[in-house]
Structures are given as C-alpha cells and as structure tokens.
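One structure is given here, and the rest of the page talks about it.
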Amino acid sequence: MTNARAKQAKQPSTSTKSVNVLDLLKEMLAAGDSDGVIELVVKLMATHEKQLRSMLEKARKQSTKNEGTSSAQLSLLVDAMKKLAAESPDDATAKLAAVAPVPPPAPGPQYGPKLPPPRRRPLPDLPHVDNLIKVPDAERACPLCGAERKCIGHETTHVLDIEPARAIVRDDRREKLACENVDCDGAMTTAPLGDKVVEGGAYGSRLVADMVVGKWVDGMPTNRLHERYGRLGLDIPTSTMGDQMGWAADCLMPIAHKLFEQVLASKVMHLDATSLPVLDRDAPNGIRIGALWGYVGVNGSERCAAFLYNSTGAKVATKPGEVGPEQALELRRHKKLPNVVCDADGRFDASFNRPGLLEVGCNMHARRYFVKALDAGDKRAAMPLAAFKKLYDIEEQIKDEPPDKKLAVRQAQSRIVYDALLSWCVTFKPNEPPTSKLADALRYLTNHHEAFMRFIDDGELPIDNGLVERLHRKPAQGRRAYLFAGSDLGGHRAAIAYSVLGTCRLLDINPSEYISDVLPRLARGFVAARDLPVLMPAEWARRRH
C-alpha cells in the first residue's frame, strides 16, 4: 500500500482529477504510516526539491526560536535513522541508539472519566489585610418578623490581591537635643540626616533603587520610567533620573570591584561576552559596538557575578581602566585556580595554551550546532540530540547531590553516553560534505571534545556555561529597550549595575531591598577594610536571615 501511494503521488494522474497530496499525507499520518510519509516526501523532493526546501526554510523562520526538540520529533526522525541503519549497518549508530534511547512520544488525549481539577496553589506568606463585607441594608432585616438581624460571625475567603504603589513625601524630622541645666555648657546635638544617595538631594534611596532596578533589571529606558512615575504623581525629568542612576552606580563601584575579586578567587569561573552598542560620533552611523564581559564565580553553593565593560570586543583592553578577557584569565592563572568554563572562542586560545588554566567546554554550544543541522532538514542530527537529552536528564537527577556523588554518577552513566556520542561523530565526520550544517557540528564537537568531557571527571564542574549565559538575558533585554549606552562611562556604569544585580539574582536577593539599604551607607563614606565585607550581597543576605 505504501509503495502504491508513493508511486501514485510521484506519477502524474491521467484523469482530469489530480491527486491531492495533502489529503494523502493526512490519511497516512492518521493511519500511523510514518515510513510511508517519509518515503513519499523523499520522492516528492526528488522532483520538487527547490520548492520544498523553500517551504521548509520559510516554516523554520516562522517557528519559535526554542532550541528544544520534542519527543515526537525525535521519535519520528530516529525511526527513519534506524531504517537507514538497517539498510546500511553502522556500529556507531547502533551503539549510540542503545545508550541514549529516545523516549516515546506523549500519548494522545484520553477519553474516559473526567479527572478532578488540580488543587489551587497555597497562598504565599504575605501580610493579611482585613476587608469587611457587610450584608446589604435591604437584606439585614429578618424576613419573618422584620427585626434587625445581629452579626454572629464571618465567613472568610482568602484572595490574593495587590495594593497599588504610591509615591510619598518623606518628612525627615531630625530630633534635636539640648541640656536644660542653666549652669551647663553642653552643646546641642541633632540626629543624622535621613537616607539619601546624594547629600542635599531630594530623592530617597528607595526611589533611586527603584530607578536602578527598573532600568537594568526590567529593561525600562528613562522615558518609560518617567511615564510610570507620572502615574504615581511624580514628575521627574529623564535627565535627573540619569544623574541619579549614575551617582548610584558610582556608589556601588567598590562592591562591583570586590565582586570581581571574588570571582577570580572562586573554584570555578564562568566567562562569556555580550555586545553593548555605544554612542560614538566618530564611528560609522554614530554607534560603536562595545562588549560586556560576564564572569561568574562558584564556590560550592555560593555564587557571585561581575561584569566588565570594554570599548571593543578585543581580547585585550584598548583603553586605560579596562580589563579584557585575556588579562582576566592571566589574573586567574596567577591565583593557581585553573577551572574556567567558556565557549570554544579563539580569543581564549593563547590563555589556555599557557600552563595553569584548564578549559571546560560548554555542551549547550555543542548541542546547538546539531539543532541547526536538524532545522536545516538533516534527520541524522536527531541521534546526537537524543544523546545530549540523556546527558542533561542525568544532570537534572543529580543537581542537588554533593560533588562526590555527582562524580560517581557521571563516571557510571554520562561517560558511556558521551563515548558513544563521540564515536558516532568520528564515524560520520570523514564522509560528510564540509559545507553542511552537520559537518559544522561534527567538527565542533570532535575538535573540542576534551574540554566538553571535563565535567565527567570532576563533580564540581558544570556541564555547560549556562550560568553566565542566563545572566546575559538582562543586558539583551535592555538593548532592545534603551538601544545603546550614551558613552563609555555609561558602559562602565551599566557593568557595575549588572554586577550587583546579577549577584542578587544568583543569590535570590530582592535587588530593590539590597540597593536601597546599601546605597546610603556607601554614600555616607566607609572604610573598605571594615565596612565593605558586611555590605557584600552574600554577607548582607546572611545577616538579614
């Protein structure tokens, strides 16, 4: 039946009524004839390859950018691979399929008794506000005797709601003390000034902290912040907000510098970059592309982040006061802490060729190349994607385990999967056309497999560089909103803000609470050796709890 249908679709019909290929495909899919569908598509591509590839590319561009591959997709594609393998036996393919089986697709809708609705989530631990709802006046009288009914209790329903934010004028009434003894010459004393970022300024630390979080966490440019504050009755010029956020970043600079020192001294350091456009009248179109280099340090359960701005994306800083990635790696090497997680970027080659540093590869990037091959229509990429899914499933199971337990599981399970994956790539690489997407994926994995597999031999190393890449989402969100930094100084201030706010995110700290508390203490002046340690995010969080 399958061959007859395929031949029917391939050959032109002699009748006046042509074959409807779409209806035929739907019929075959409904019957579960996936092999027939694949065979039919292959034969159609033989005669209409150009048109079909154009349609597939258009559909791919219209799809979402999610890199995930569903179980149903993998199952269909791997079934096709098994058929090809049966026609041309391949030990590497069989070995990979054995250690990384593809889960069956999710079952379709079940027609049976209706399941009970899911339970409502418990309400969070928030303050409760009493909201008394009285019986309407028309219903307060007894319908039998007409007497006024008395309250005998209340039925309470808990409803999650929100009170709108409000702007206030804080009247700082500073107490003044003087000695009433007429014979005493004691001097009068006055309470200290209230919390503000700028001495003599009109804006409190909570308002400035809200500006900082609004711009660099929520990605809101100053004109949108101006509109938001306007709805609260505040008319703050955008230039004033820019000044306040600049002063706040300057106050936070010592904390950002200390965070970078902590990152360099961590057992494991992550490294990655994202772009930051900067206004420059001498550059083409008036904009130069700078770089935000993100660093994350991991010491067991403690984490910290640091961002450094560079006026260019070069590996060595070109302006005074800037630190490029090669210089940062050299500082790391002198501390004799070798583990650095990063992408296979040529800008790092010179650093890792020196003794004292160990490159730990990012398997998210290795996997991404196979996703691109699959998106281009190469169904063979489904096999390594199934292997990566198995590796990440193992990591999910052991994410809360101590390093020694992680090491034991990786040695027993992950190594088998990765060895089979590498063997599959080595087998297919020699015969793959060098310009194909799959060839790119095979070269990338085989050329850097030692770095990709280092996590298997150390329970403290991660499988990928996702920790710092996830922090880059905030700068990316900001680029879409405020488009560019106004100058190199603005780039440095953005890096300071992203350092502090990124660390708050890693430690699950409310950034508004943290910044509003530390800003006044930094603005009043402090002794770094004595005061800075207690103002660092991790120590601040410990003292709060």
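The values are calculated or read from the model by the stated rules, or taken from the named source; none is laboratory data. Everything numeric here is computed off the predicted structure, so don't read it as measured data. Cβ placement follows ideal geometry from the backbone for every residue including glycine, while neighbour counts extend to all protein chains displayed.
Total residues in the range 398-429 satisfying the condition of being within 17 Å of Ile463 (Cβ to Cβ), buried (at least 19 other Cβ atoms within 10 Å of the Cβ) and not aliphatic (A, V, I, L, M): the figure is 4.
Would you be able to say whether some residue in the range 485-504 is touching a helix residue (DSSP H, G or I) at 6+ places or on another chain (Cβ under 9 Å), over 21 Å from Trp293 (Cα atoms) and basic (Lys, Arg)?
Of all residues in the range 485-504, those touching a helix residue (DSSP H, G or I) at 6+ places or on another chain (Cβ under 9 Å) come to 485-486, 489-490, 492-504.
Add one more test, that the residue is over 21 Å from Trp293 (Cα atoms), and what stays is none.
No: zero hits.
Of the residues that sit in the range 288-312 and are farther than 23 Å from Ala249 by Cα and at pLDDT 90 or above, which one is surrounded by the most Cβ atoms within 10 Å (Cβ to Cβ)? Step through it out loud before you land on a result.
Going residue by residue through the range 288-312, those that are farther than 23 Å from Ala249 by Cα are 298-302.
Now drop any that are not at pLDDT 90 or above, which leaves 298-299, 302.
Details: Val298: 21, Asn299: 15, Glu302: 13.
Among those that are farther than 23 Å from Ala249 by Cα and at pLDDT 90 or above, it is Val298.
If you go through the range 383-394 and keep only what is in contact with a Lys or Arg (Cβ under 8 Å, 6 or more places away or on another chain) and surrounded by fewer than 20 Cβ atoms within 10 Å (Cβ to Cβ), you end up with just Ile394.
Being surrounded by 10 or more Cβ atoms within 10 Å (Cβ to Cβ), in a loop (DSSP other than H, G, I, E, B) and modelled with pLDDT under 95 narrows it down to one residue among Leu193, Leu160; which is it? Reasoning before the result, please.
Values: Leu160 fails: surrounded by 10 or more Cβ atoms within 10 Å (Cβ to Cβ).
Step by step, each of Leu193, Leu160 is checked, and only Leu193 is surrounded by 10 or more Cβ atoms within 10 Å (Cβ to Cβ), in a loop (DSSP other than H, G, I, E, B) and modelled with pLDDT under 95.
Of the residues in the range 268-288, at least one is assigned by TED's automatic domain parsing to the domain that holds Arg480, in contact with a Leu (Cβ under 9 Å, 6 or more places away or on another chain), basic (Lys, Arg) and farther than 30 Å from Leu207 by Cα.
Going through (1) more than 19 Å from Asp272 (Cβ to Cβ); (2) of a type in the set (A, V, I, L, M); (3) surrounded by 19 or more Cβ atoms within 10 Å (Cβ to Cβ) one by one, Leu461 falls short only on (1). Specify the residue that is surrounded by the fewest Cβ atoms within 10 Å (Cβ to Cβ); the eligible residues are those in the range 317-335 that are under 20 Å from Gly297 (Cα atoms) and in contact with a strand residue (DSSP E or B) (Cβ under 8 Å, 6 or more places away or on another chain). Residue satisfying both the conditions and the ranking: Val323.
Within the range 402-424, is there a residue that is outside any helix (DSSP H, G or I), outside the structural domain of Asp345 (by TED's automatic domain parsing) and either under 13 Å from Arg367 (Cα atoms) or within 25 Å of the chain's Cα centre (by Cα) (or both)?
We begin by selecting, within the range 402-424, every residue outside any helix (DSSP H, G or I); these are 402.
When the remaining residues are screened for being outside the structural domain of Asp345 (by TED's automatic domain parsing), the result is 402.
If we keep only those that are either under 13 Å from Arg367 (Cα atoms) or within 25 Å of the chain's Cα centre (by Cα) (or both) too, we end up with 402.
Yes, some residue in the range 402-424 is outside any helix (DSSP H, G or I), outside the structural domain of Asp345 (by TED's automatic domain parsing) and either under 13 Å from Arg367 (Cα atoms) or within 25 Å of the chain's Cα centre (by Cα) (or both).
For a quick check of your reading: which helices (runs of 4 or more DSSP H) sit entirely within the range 471-545 and have at least 3 residues that are modelled with pLDDT of 95 or more and closer than 28 Å to Pro320 by Cα? So that I can check it myself, show each step before the final result.
Details: elements: 473-482, 488-506, 511-523, 528-535, 537-544.
Because the criterion is at least 3 residues that are modelled with pLDDT of 95 or more and closer than 28 Å to Pro320 by Cα, the helices (runs of 4 or more DSSP H) in the range 471-545 that meet it are 488-506.
Got a number for residues in the range 248-273 being touching a residue at least 24 places away in the same chain (Cβ under 8 Å) and within 22 Å of Lys336 (Cβ to Cβ)?
Pass one, the range 248-273, residues touching a residue at least 24 places away in the same chain (Cβ under 8 Å): 248-256, 258-260, 262-273.
The next check asks that each one be within 22 Å of Lys336 (Cβ to Cβ); those that pass are 258-260, 262-271.
Total meeting the criteria: 13.
Can you name the residue in the range 164-186 that is assigned to a loop (DSSP other than H, G, I, E, B), of a type in the set (D, E, K, R) and touching a residue at least 12 places away in the same chain (Cβ under 8 Å) and, of all such residues, is nearest to Tyr203 (Cα to Cα)? Please lay out each step first, then the result.
Step one: filter the range 164-186 for residues assigned to a loop (DSSP other than H, G, I, E, B), giving 164-175, 178-186.
If we keep only those that are of a type in the set (D, E, K, R) as well, we get 166, 170-175, 180, 183, 185.
From the residues that got through so far, the ones that are touching a residue at least 12 places away in the same chain (Cβ under 8 Å) too are 166, 170, 172, 174-175.
Details: Arg166: 15, Arg170: 10, Asp172: 12, Arg174: 17, Glu175: 21 Å.
My answer is Arg170.
Looking across the range 336-382 at every residue that is out of contact with any Asp or Glu (no Cβ under 7 Å at 6 or more places or on another chain), among the aliphatic types (A, V, I, L, M) and within 29 Å of Lys267 (Cα to Cα), the one that is surrounded by the fewest Cβ atoms within 10 Å (Cβ to Cβ) is identified as Leu358.
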